[in-house]
Amino acid sequence: MRVLLVDDHPLFRDGVRSLLQARGVEVVGEAGDGEEAVEAALRLRPDVVLMDISMPRMDGLEATRVIKARLPQVKIVMLTVSDEDRTLFEAVKSGAQGYLLKNLQADEFFDLLSGVERGEAPISRSLAGRILEEFARRRGGRPRDEEEELTEREQEVLRAVSGGASNREVAAALRISENTVKFHMKNILDKLHLRNRAEVVAYAARRGWLPPETSSAGEGRDSG
């Protein structure tokens, strides 16, 4: 198993790398943030990416979506301190195959991670029940607002674009790259079944996010 290790704390990466190498796992590379993770994944083509969530420049959830869009065969396992439902479900929606907490004992961590090669989804046992509960709730058929299908970051981009911001302005405001903004815009258009930025602004006006008279503000800006 060839692993790419992604975390913004070098000392933590050192510990995980030593643990994996002691058990015969090949660590092919490391990255300190989401943007580095995307670049390294495209260059190294690992079997598995161990991905932290909270990182500078691009967080682990965004990096997961970008990597899965470009390299769908790569398996991504989140390794994080966050046991919040929101981040757990967001990670699953982003394409993560697993979700492990950093407080696991070393043997349990490795046992769960090694299941990836057998097609298993490594999830900390304390979290597995929450996913089953969410799956059961969704099967109940509760109607969902289409906006709920957008990630939190996609909603931020959507609101910024609705106000007439260009890709460059959105990137500066959210501290992400313009390419990441374009990636989010593509997802927004696909999920909301819209064709261009003008339709995004019109959508925002219908949602009551801006006065109708500003509905033409986004036209003529750079396209996503």
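Ordered by the count of other Cβ atoms within 10 Å of each Cβ, fewest first, 64, 80 give 80, 64. Going from the residue with the fewest nearby Cβ atoms within 10 Å to the one with the most, 62, 84, 35 rank 84, 35, 62.
Ordered by the count of other Cβ atoms within 10 Å of each Cβ, fewest first, 1, 58 give 1, 58.
Here the relative contact order of the range 2-137, from alpha carbon pairs under 8 Å that lie six or more residues apart, stands at 19 percent. Label zone (residue 69, point 7 Å along Cα-to-C-beta; backbone nitrogen cut-off 19 Å) within the range 82-109: 90-97. Reported to the nearest whole Å, the Cα centre-to-centre distance from the range 50-65 to the range 1-40 is 13.
Whole-Hz Karplus values for the range 79-91 come out as 10, 8, 8, 7, 10, 6, 4, 4, 6, 4, 5, 5, 5 Hz, taken residue by residue from phi with 6.51 cos²θ - 1.76 cosθ + 1.60 and θ = phi - 60°; glycine and proline positions read x. Stretched out straight at 0.36 nm per residue, the stretch from residue 44 to residue 23 would grow longer than its current Cα-Cα span by 5.5 nm. Among the trypsin sites (Lys or Arg not before Pro) in the range 1-72, those located in a DSSP loop and surrounded by at most 13 other Cβ atoms within 10 Å of their own Cβ are 23.
None of the figures in this text is laboratory data; all of them are computed from the coordinates on show. Keep in mind it's a predicted model, so treat the numbers as computed, not measured. Every residue, glycine among them, receives a Cβ derived from its backbone with ideal geometry; neighbour counts consider all protein chains shown.
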